[in-house]
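Down below is the structure, laid out as structure tokens.
The values are calculated or read from the model by the stated rules, or taken from the named source; none is laboratory data. Fair warning: this is a prediction, and the values are worked out from it, not measured in the lab. Positions of Cβ are backbone-derived with ideal geometry, glycine not excepted, and every protein chain shown enters the neighbour counts.
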Amino acid sequence: MSQRQIIQVFEQFQKSRMQFVQTVADLAARPQNIEFLQNAGVMPMLRPLLLDVVPSIQQTAALALGRLADHSDDLAQAVVKENILPQLVHSLTFQNRFYKKAAAFVLRAVAKHSPELSQAVVACGGVHALVLCLEEFDPWVKEAAAWALGYIARHNASLSQSVVEAGAVPLLVLSLQEPEMALKRIAASTLSDICKHTPELAQSVVDNGAIAHLALMILNPDAKLKRQVFSALSQISKHSVSLAEMVVEAEIFPAAVACLNDPDEYVKKNVTTLMREVVKHSPELAQVIVNCGAMGAVVDYLGNCHGNLRLPGIMMLGYVAAHSENLAMAVILSKGVPQLALCLSEEREPHIKAATAWSIGQIGHHTPEHAKAVATSDLLAKLLELYMDASSSEDLQAKSKKALKSVLQKCTYMPSLEPLLYDAPSNILRHVVCQFSKVLPHDSKARRLFVTSGGLKKLQEIEAEPGSPLQEHINAITSCFPEEIVRYYSPGYSEVLLERLEYYQPA
């Protein structure tokens, strides 16, 4: 056999290996092929090709493994069981940029499924290898590494801490300053995933100067970048007053409020989430956001979206209102109450309704004026309906009841209270009657209206236990009417009159 024929044998073998890994990589890109590939035992076939002498075969084998692992938890576990991860991690330190990108993709695909699989990546030294990739010159390698680190960090505080301890944060902050848009997005996203778990993790990101660099990007024209920037700022702000103050001090408001006009719905949602996380901490921080004109902008936003996109805005109004009478009045003056009433009637998800009921309670519980704003939007009857509806979730019933009771205890607006005399169960009725007992003794016009509308008649039909608070409130109300009026509207009085008529003898 000639030398040329021998060389052709090796060339054919190389060509076959390349064709195999390329075909498997292409097949693995389509979900319908995954089960067939798995049943054919593709994992152990790909593993030795990661050490192939031809770099392009190594890279394509890694790409195929990544696509398989990305598909399901089972296949990701198969990558771990085949002991492929240590091999990949070892190769990350000396292979070329194309292989590093593919290997980082495999680590990301494994880590994304569960904390346990992420821990497997950590245990084989994957985090340190990925952090070294963040120091590479090639932006695509950095992007792949940052993405994998984000998937590891997002699961829990312990995994996130391992990313921080490996030195990822300063390199991710540097990545924010790179010109490549995709790298900026992934770096911001990974910082967000690190921050979300604990104040200490958020502080580690802040200590590396992340806020200033994130703040510079809030008006960037790229919507996907802005989504991640506002998400990261929200995750920093949510933990404590001091962290929220640092975000506010970066002077991102009122420019952030202007982003509620952004065409991208998730940019708007994340801006609203950021404001929610800031305002919840203190009246002072809430006032800063109110002073930026945020209330009207959020109310308008709620009118232009639906479903879970509404949730942060609904809660933001509630957090602002909870702090003080003046801040609750700012929500009312921004027409927040009618908008919340609309959310309550339009939304179908119990958790959104429950959040809306909670916010309504925070607005209406301060003074009679605040309660009247809630009552005149017909929200007392709606809250009662949700509380009494057997199909309402337990949380929705609890929040509707609490909101209703807190508003009722301040409400003195009779036209909205009176319908509840007919519909409310005894535990709510007690609060309704109590409010009448506060108003009627001091308001003659209200007493007259209470009689003519049928309120006094209905009141006397209520069955209350002797000596109960409800009975005491009823007695307090009836005592402020003339005896003959009370008797006339008492149950059975018309029959008594008819009896007297029957036995009456004219002179």
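Which of the residues spanning region 122-153 are over 16 Å from Leu176 (Cβ atoms) and aromatic (Phe, Trp, Tyr)?
Answer for region 122-153, where residues must be over 16 Å from Leu176 (Cβ atoms) and aromatic (Phe, Trp, Tyr): Phe137, Trp140, Tyr151.
May I ask you to verify whether Gln161 is modelled with pLDDT of 95 or more and either surrounded by fewer than 20 Cβ atoms within 10 Å (Cβ to Cβ) or assigned by TED's automatic domain parsing to the domain that holds Lys81 (or both)?
It is true that Gln161 is modelled with pLDDT of 95 or more and either surrounded by fewer than 20 Cβ atoms within 10 Å (Cβ to Cβ) or assigned by TED's automatic domain parsing to the domain that holds Lys81 (or both).
With respect to Leu132, determine if the residue is in a helix (DSSP H, G or I), in the same structural domain as Thr198 (by TED's automatic domain parsing), surrounded by fewer than 18 Cβ atoms within 10 Å (Cβ to Cβ) and more than 25 Å from the chain's Cα centre (by Cα).
Against the criterion (in a helix (DSSP H, G or I), in the same structural domain as Thr198 (by TED's automatic domain parsing), surrounded by fewer than 18 Cβ atoms within 10 Å (Cβ to Cβ) and more than 25 Å from the chain's Cα centre (by Cα)), Leu132 does not qualify.
Determine, yes or no, whether Leu65 is in a helix (DSSP H, G or I), at pLDDT below 85, touching a Ser or Thr at 6+ places or on another chain (Cβ under 9 Å) and within 28 Å of Ala111 (Cα to Cα).
It is false that Leu65 is in a helix (DSSP H, G or I), at pLDDT below 85, touching a Ser or Thr at 6+ places or on another chain (Cβ under 9 Å) and within 28 Å of Ala111 (Cα to Cα).
How many residues are free of Cβ contacts under 8 Å to residues at least 40 places away in the same chain and part of a helix (DSSP H, G or I) when one looks only at region 268-304?
The number of residues fulfilling the criteria is 6.
Out of contact with any Asp or Glu (no Cβ under 6 Å at 6 or more places or on another chain) and under 23 Å from Pro254 (Cα atoms), is that true of Val205?
So Val205 does not fit the description; no.
What's the total number of residues in region 247-267 that are farther than 17 Å from Ser192 by Cβ and either in a helix (DSSP H, G or I) or of a type in the set (Ser, Thr, Tyr) (or both)?
8
May I ask you to verify whether Glu178 is closer than 21 Å to Ala297 by Cα, in contact (Cβ under 8 Å) with a residue 12 or more places away in the chain and part of a loop (DSSP other than H, G, I, E, B)?
Numbers: closer than 21 Å to Ala297 by Cα: no; in contact (Cβ under 8 Å) with a residue 12 or more places away in the chain: yes; part of a loop (DSSP other than H, G, I, E, B): yes.
So Glu178 fails the test.
When the residues of region 417-444 are narrowed to those that are of a type in the set (Asp, Glu) and not in a helix (DSSP H, G or I), which ends up nearest to Lys405 (Cα to Cα)?
Once the filter is applied, the top-ranked residue is Glu418.
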